[in-house]
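S.K.: Pasting a structure below so you can have a look.
The values are calculated or read from the model by the stated rules, or taken from the named source; none is laboratory data. Quantities reported herein were computed from a predicted structural model and do not represent experimental measurements. Positions of Cβ are generated from backbone atoms using ideal geometry, with glycine treated the same way; all protein chains shown enter the neighbour counts. The accessibility values were calculated without ligands, DNA or RNA, using every heavy atom of the protein model including side chains. Shrake-Rupley method; radii C 1.70, N 1.55, O 1.52, S 1.80 Å.
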Amino acid sequence: MALVAAVAASHAPNILLEPGEEWEEFMRLHYRMAPGAASSKPSLEAQQKLRREAEKAFGVLRSHLEAAKPDVLIVVANDQFVNFFFNNIPTFFITLADEVEGQFTRHRFHYRNHKELGRAILEAGLKKGIDFAFGERVELQHTQVVPLHFLLPDAMIPILPVYVNTWVDPLPTPERCYTVGKLIREVADGEKERIAILATGGLSHFPGSPRIGEIDAEFDHKLLEILREGKGRTLADYSLEQLQQAGDSEFLNWMVVLGAVGDAKAEATYYMPDQVATGWGFASWRL
């Protein structure tokens with residue numbers, strides 16, 4: 001069939017946390033080291049407003065996905081020491097399990113995995129000089145389940161988790177990620193099923209860095225403007241250092257989707273800094 005839809009969304013944990021006590025407890029645990037963390041804590045009203053705005057963005061993305069009626073959703077995300085550690089860090093990883101599951105706070109997730117599509121991508125990559133790592137045992141984490149909670153809550157179709165290393169140096173270049181996306185599009189166009197793809201992550205943030213708490217909103221807005229103009233392929237020319245300097249290493253997940261959508265213009269984009277550590281970004285392409 002073909003690639004019928006593409007979306008991208010932040011996976012910031014606080015998107016799925018309830019405003020108030022749950023949000024603030026998580027932020028105290030993970031962001032207490034951020035400069036000015038206490039003074040910059042958003043009020044309950046600000047937290048609630050952010051949640052409403054994120055739900056609105058996810059609502060648009062979900063409506064576009066549902067209208068495309070995909071048979072499978074490829075989920076491009078990064079691992080954060082849940083499945084891979086320093087003894088084994090794959091640059092690109094394809095999941096070949098029968099099923100995948102995971103948990104974030106009180107939310108549990110369980111999906112069928114489309115291992116046949118995963119194997120098709122794996123084999124196509126080998127023919128094109130892209131050597132994916134692969135395996136049968138992975139645990140879903142917030143990098144996948146935060147957006148899946150809003151986009152595919154009922155697990156009506158299978159997913160295919162694809163991992164990109166955005167976490168441990170050395171990272172792949174934007175150009176390399178774009179090439180992987182082009183390969184996925186070629187495979188999708190040869191399949192009988194309707195395929196959608198989701199990229200997660202970002203936008204600007206600096207987890208585990210002395211710059212934690214900074215958000216480069218100007219750089220984020222520039223990225224989204226380029227997506228709306230249908231010039232995503234120009235981002236493949238960006239250096240890895242440019243993305244890292246802006247706190248956008250997780251945009252490498254988005255680069256895979258940009259390789260898949262080519263010159264298509266993003267129909268909808270949304271952006272909201274969370275006043276804590278991350279610029280939440282969202283985009284959707286109807287193909």
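S.K.: For region 87-231, what does the relative contact order come out to in percent, with C-alpha contacts under 8 Å and a separation of six or more?
M.R.: The value is 25 percent.
S.K.: Show the residues, 5+ positions off or on another chain, whose built amide H is closer than 5 Å to the amide H of Arg286.
M.R.: Result for Arg286 returns Glu267.
S.K.: Choose one answer from Ile74, Ile226, Ile197: the residue with the largest mean-square fluctuation in a GNM of the chain with alpha-carbon springs under 10 Å.
M.R.: Per the Cα network of the chain with a 10 Å cutoff, Ile226 tops the list.
S.K.: Right, next: Convex hull over the Cα atoms of region 141-202, averaged projected area in nm²? Write down the numbers at each step before the final one.
M.R.: Values: hull surface 20.6 nm².
Its average projected convex-hull area is 5.1 nm².
S.K.: Would you mind checking the tilt of helix 115-128 against the longest principal axis of the Cα atoms of the chain, expressed as 0 to 90 degrees and rounded to 10?
M.R.: Once rounded, one gets 70 degrees.
S.K.: Additional query: If one takes the longest principal axis of the Cα atoms in the chain, at what angle in degrees, from 0 to 90 and to the nearest 10, does the Cα axis of helix 174-189 lie?
M.R.: Roughly 50 degrees between the two axes.
S.K.: Given a 1.4 Å probe and the protein chains all in place, what does the accessible area of Trp167 round to, in Å² to the nearest 10?
M.R.: 90
S.K.: Measuring with a 1.4 Å probe in the full set of protein chains, what accessible area per residue, in whole Å², belongs to region 1-145?
M.R.: 49
S.K.: Next question. Name the long-range amide H neighbours of Gly135: under 5 Å, sequence gap of 5 or more, or other chain; modelled H, no Pro or chain starts.
M.R.: So Gly135 has HN proximity to Ile94, Leu96.
S.K.: Rounded to a whole number of µm²/s, how large is the Stokes-Einstein D of the chain at 10 °C and 1.306 mPa s, given Rh as the Kirkwood radius over C-alpha pairs?
M.R.: For the chosen part, D equals 85 µm²/s.
S.K.: Let me ask you something else. Past 23 Å, Cα to Cα, is the threshold; run Lys128/Lys182; Lys115/Lys231; Lys127/Lys192; Lys115/Lys182 against it and keep the listed order.
M.R.: Numbers: Lys128/Lys182 11 Å; Lys115/Lys231 32 Å; Lys127/Lys192 21 Å; Lys115/Lys182 19 Å.
Going by Cα-Cα distance, Lys115/Lys231 fall outside the 23 Å limit.
S.K.: Out of Thr105, Thr173, Thr234, any idea which swings most in a Gaussian network model of the chain, alpha carbons joined below 10 Å?
M.R.: Answer for the Gaussian network model of the chain: Thr105.
S.K.: Follow-up. Between the helical axis of 142-151 and the dominant principal axis of the chain, each derived from Cα atoms, what acute angle in degrees is found, rounded to the nearest 10?
M.R.: Roughly 80 degrees, rounded to the nearest 10.
S.K.: Ranked highest first by average number of other Cβ atoms within 10 Å, how do 202-213, 136-147, 4-15 line up?
M.R.: Per-residue mean Cβ counts within 10 Å order the peptides as 4-15, 136-147, 202-213.
S.K.: Setting aside same-chain residues fewer than 8 positions from Lys49, which lysines have a Cα under 20 Å from its Cα?
M.R.: List returned: Lys41.
S.K.: Students often check this: by mean Cβ neighbours within 10 Å, which of 257-270, 51-64 ranks highest, and how do the rest follow? Intermediate results must be reported in sequence, preceding the final value.
M.R.: Details: 257-270: 20.0, 51-64: 17.2.
Top of the packing list down: 257-270, 51-64.
S.K.: Within a Cβ distance under 10 Å of Lys41, other residues only, what is the Lys/Arg minus Asp/Glu net charge?
M.R.: Neighbourhood net charge equals 0.
S.K.: Here is a follow-up. Find, to one decimal place in angstroms, the Kirkwood hydrodynamic radius of region 240-287, where the mean of 1/r is taken over every pair of different Cα atoms and then inverted. If you can, show how the numbers build up before the last one.
M.R.: Working: mean 1/r = 0.0827 Å⁻¹.
Kirkwood hydrodynamic radius for region 240-287: 12.1 Å.
S.K.: Considering only protein heavy atoms and a probe of 1.4 Å, how much of the accessible area of region 154-287 is carbon and sulfur, as a whole percent?
M.R.: Working: 2470 of 5200 Å².
Answer for region 154-287 is 48 percent, counting heavy atoms of protein chains only.
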